[in-house]
Amino acid sequence: MGRALRPTSPPASSTPLAIDLIAHVRRFANPQNVAGQNRFGIRPRTELLGLSRVILRDLAKSPRHHHTLAPALWAHPIHEAQWLASLTADPPPCTPELMAAGTTDFDTWDLCD
């Protein structure tokens, strides 16, 4: 089950845009969705907020292909932040080595789908 952890400070690699997005994401937290996601096997080691994929896709439209934002989001211990990172990653500078390093963090099927 997703942990209910709330970091006191953002990761050192975070950016102001990532911090703003995380604050925005927290406003949409939905405990009922967390329970539903758990029933479907989405039980990350990170905090799970229960945002719908529709909300996450809408949030990712503006900073699309932002090469410093994606790694900053990935560093946050929040499942939805990592989901946003996958939507905002900039494909050209993404190397096979970088992709391989990120796959070691996959802990749910929905994150790698």
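The values are calculated or read from the model by the stated rules, or taken from the named source; none is laboratory data. Predicted model, so just to flag it, every value in this text is computed and none were measured. Please note: Cβ atoms are built from the backbone with ideal geometry, for glycine as well, and neighbour counts cover all protein chains shown.
For PRO71, which of the numbered conditions (1) closer than 21 Å to SER14 by Cα; (2) modelled with pLDDT of 70 or more; (3) part of a loop (DSSP other than H, G, I, E, B) fails to hold?
The single condition PRO71 does not satisfy is (3).
Would you say LEU49 is part of a loop (DSSP other than H, G, I, E, B), under 15 Å from HIS24 (Cα atoms), modelled with pLDDT of 85 or more and under 12 Å from the mean Cα position of the chain (by Cα)?
Considered against the rule, which asks whether it is part of a loop (DSSP other than H, G, I, E, B), under 15 Å from HIS24 (Cα atoms), modelled with pLDDT of 85 or more and under 12 Å from the mean Cα position of the chain (by Cα), LEU49 comes out as yes.
Conditions (1) crowded, with 18+ Cβ neighbours inside 10 Å; (2) under 19 Å from THR108 (Cα atoms), marked per residue:
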{"site": "ARG26", "(1), (2)": "no, no"}
{"site": "GLY36", "(1), (2)": "no, yes"}
{"site": "ARG45", "(1), (2)": "no, yes"}
{"site": "ASP58", "(1), (2)": "no, no"}
{"site": "LEU69", "(1), (2)": "yes, no"}
{"site": "TRP74", "(1), (2)": "yes, yes"}
{"site": "ILE78", "(1), (2)": "yes, yes"}
{"site": "TRP83", "(1), (2)": "yes, yes"}
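All but one of (1) within 17 Å of SER14 (Cα to Cα); (2) in a helix (DSSP H, G or I); (3) not polar (S, T, N, Q) hold for VAL54, so report the exception by its number.
Tallying (1) within 17 Å of SER14 (Cα to Cα); (2) in a helix (DSSP H, G or I); (3) not polar (S, T, N, Q), VAL54 fails exactly one: (1).
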